[in-house]
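Single-structure report; data block below.
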Amino acid sequence: MTIGMSTINNIFQLLGVLLIFIFVLAVTYWTTRWIAKYQQAQVFHKNIKPIETFRVTNGKFIQILKVGEKYIVVAVCKDTITMLTELKEDEVMEIPLEMKQNTNLNFQQVLEDIKKKLHQKQK
């Protein structure tokens, strides 16, 4: 009889550990989402906005930033940030926020939208 009882005990322990694991995963998931939304709200609607980032090597990036109404290109290294140049507004193709967030678009739709915007800029 003790063998049957210990098996049931082991099953309950396994289920308890599994439930705790699922609970910890759920709490981690929701906390991560909450922190991401909080950080996005902190960055959103500020005067400095990153437009594009290009990784050159490990720890070295080139970024296009919109500072107020100006576009600047900076090199970002481990310990330094160096301004490279200033761009004119027509030299920068900014991808609209709705295109960045909408993952349901297929490649053809994105390509058509970009073609339309380029055609409008040329007029």
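Numbers below:
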quantity: Which listed pairs, of Lys78/Lys115; Lys37/Lys121; Lys88/Lys116; Lys66/Lys121; Lys70/Lys116; Lys46/Lys117, have C-alpha distances above 28 Å, in listed order; calculated: Lys78/Lys115; Lys37/Lys121
quantity: Under Karplus coefficients 6.51, -1.76 and 1.60, residue-wise ³J(HN,Hα) of the stretch 5-15 in Hz, glycine/proline x; calculated: 5, 5, 5, 5, 4, 5, 5, 5, 5, 4, 5
quantity: Whole-Hz couplings from phi, Karplus 6.51/-1.76/1.60, listed for the stretch 72-80; x for Gly and Pro; calculated: 10, 10, 10, 9, 10, 10, 4, 10, 9
quantity: Percent accessible area from carbon and sulfur atoms, the stretch 1-74, protein chains only, probe 1.4 Å; calculated: 70 percent
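The values are calculated or read from the model by the stated rules, or taken from the named source; none is laboratory data. Note that this is a predicted model, so its numbers are computed, not measured. Surface areas here come from the heavy atoms of the whole protein model, side chains and all, with no ligands, DNA or RNA. Shrake-Rupley method; radii C 1.70, N 1.55, O 1.52, S 1.80 Å.
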